[in-house]
Amino acid sequence: MSRWLERLLLILILLAALAVRLYGLGFYLPLTNNPDEPNIVDHAVATIKTGDWNPHWFIYPSGYHYLQTGVLTAHLLWGIARGTYASAADLPDSTAIITTAPEAYLWARGTTALFGVLTVFLVWLLGRRLFGPPAGLAGAVLLALSPLHVEHSRYVTTDVPMAALALLSIWLALEVLEHGAVSYTHL
C-alpha cells in the first residue's frame, strides 16, 4: 500500500470518526442519561464561579476537571462576546446549567468527542507500528465506528480521554524504547 493511499484512507477514517461523534452531541439535551456528566460539569462551573481552583472533589482525575473548566470558561467568554452572558455571575448555577444553557454541554461534550477522534488516530499509529499499515487502518476503522466508543465519546466523562491518554503513553514509551527519544520523522 502506498504511503499516499494510507494517508488518504486515514484522513477519511478520522473524518468519519469525527462526523459520527459530532452527530449525536446533542442527544438527550436538555437532559442527560449519563449520571456522571452533571458531576463533572457542576464542579467545573463551580470553579469558574468561585475562582477556587481546588476541585475539593477527587472522584475523577483532576486534569479532566481543569480541562473542562477551561472549555466552559471558553464557552463563557464566547457567551460574553455574543451578549448571552455579562459576566461569570450570569453563568447558570451548576445544577441548572443543563436546562438553561445546554450549549455549554455541547462544548464540554465536543471536547470528549475530539478525544475520541484522537483515540482512533492513536490506534492507527500503534497498529501501524506493531503490525503494519493494513492493521493500523483496520483498527482505526473498527474503533471509529464502534457503537460503544462512539456513544461514550459523546459524554462529559473521563473514559474516552483516559483511553486516549493511555494509548498516547504507550506510543511515547515505544518511541523512547526504540529511538531513545520521541521522534516524529517516521510517522
Could you tell me the center-to-center distance, by alpha carbons, between segment 101-119 and segment 129-187 in angstrom? 18
Hey, how many Å between the Cα centroid of segment 1-30 and the Cα centroid of segment 54-72? 27
Just one of [x] 1.16; [y] 1.20; [z] 1.09 is Cα Rg over 2.2 N^0.38 Å calculated from these coordinates, so which is it? [x]
Of all alpha-carbon pairs in segment 53-97, indicate the percentage at a distance above 12 angstrom. 66
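How high is the FRET efficiency from A173 to F131, r the C-beta distance, R0 22 Å, rounded to 0.05? All intermediate terms of the calculation are to be shown ahead of the outcome.
Details: r = 17 Å, r/R0 = 0.79.
That pair, A173 with F131, gives E of 0.80.
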Hull surface over four for the Cα convex hull of segment 135-187, reported in nm², is 4.5
Under 19 Å from a point placed 7 Å out from the Cα of L142 along the Cα-to-Cβ direction: which residues of segment 112-136 have their backbone N that close? 116-136
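Every number in this text was worked out from the coordinates using simple rules, so none of it is lab data. Computed from a prediction, not measured in an experiment: that's the story for all the values here. Glycine gets a Cβ as well: all are built from the backbone with ideal geometry, and neighbour counts include every protein chain shown.
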